[in-house]
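Worksheet for the structure shown next.
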Amino acid sequence: MTWVRTVNEQEAEGKVKEIYAAFKEQVGFVPNIMRLQVGFVPNIMRLFSIKPRSLEATANMFKAFMYGPSLLSRAQREAIALATSVINQCHY
């Protein structure tokens, strides 16, 4: 597997730290039976961390897909994303 340098949450500064915090606040909640606050930045988002403008654009695109106006609920969107990842054998 290819290794790509990323900025972890403890190292994040400036715009990256701001984007991570906003992402965790809005997206960090993972609906489940126990309604737990997970609060994490997925690796797929950290992939863009060395280029803050790319990270910001990716985070905004993700939020638009998952939270923007749609006939689908968040649960349906998450299910589609999960099914797509399984079909593509993608761990993200």
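Readers should treat all values here as calculations from the given coordinates under stated rules, not as data from a laboratory. Just so we're clear, the structure is a prediction, and the values are computed from it rather than from any experiment. Neighbour counts are summed over all protein chains in view; Cβ atoms, including those assigned to glycine, are modelled from backbone coordinates with ideal geometry.
Here are some notes:
- Local electrostatic count, MET66, Cβ distance below 9 Å [Lys/Arg +1, Asp/Glu -1]: +2
- For the pair ALA83 and LEU47, label points projected 7 Å from Cα toward Cβ lie 2.2 nm apart.
- Neighbour-count ranking [beta-carbon atoms within 10 angstrom, fewest first] of VAL16, VAL7: VAL7, VAL16
- Count Lys and Arg as plus one, Asp and Glu as minus one, and take only other residues whose Cβ is under 13 Å from that of GLN26; the net charge is then +1.
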